[in-house]
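What follows is a set of notes on a single structure, which appears directly below.
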Amino acid sequence: MVDIKTHAAQNTYQSILSATQNPLDDVVTINTLQAAYPHLFTKPQLSWLLKTRHKNGLEQLGAILKISRKLYIKKSIFIDWFLEQRARDS
C-alpha cells in the first residue's frame, strides 16, 4: 500500500528534481548507487532490496525500472523510501 503523504512528498521532490536536471540523471544501476554511497549500501544489500521489491514497497512506489531483464533504480524515489524506513523490533 502506498502512503499518500509519502507519495505527495515524492511528487514535490520529483517536480523540483525534473526542473533542475535531465530525468535520466535520476536513473542509476546498483553499482552506481553503491559507488555513490559506499558508507550506506553494499552491493549485496542493494541486490536484496531489489529482489524483494514486491514486498518492501519499492515496486509499488515506482522506484524500480525493469528493462530487458535489467533493473534500474530511480534514485529520488529510492532515497525518499530509504529515509522513511523505521527500525522495527522482530
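What follows draws every value from the coordinates through simple rules; no lab data is involved. Nothing here was measured: the structure is a model prediction, and the numbers come from that model. Cβ placement follows ideal geometry from the backbone for every residue including glycine, while neighbour counts extend to all protein chains displayed.
The table for this structure:
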{"item": "Cβ-defined net charge surrounding Tyr37, 12 Å radius [Lys, Arg +1; Asp, Glu -1]", "result": "+2"}
{"item": "The range 23-88: trypsin sites (Lys or Arg not before Pro) in DSSP coil with no more than 13 other Cβ atoms inside 10 Å", "result": "Arg69, Arg86, Arg88"}
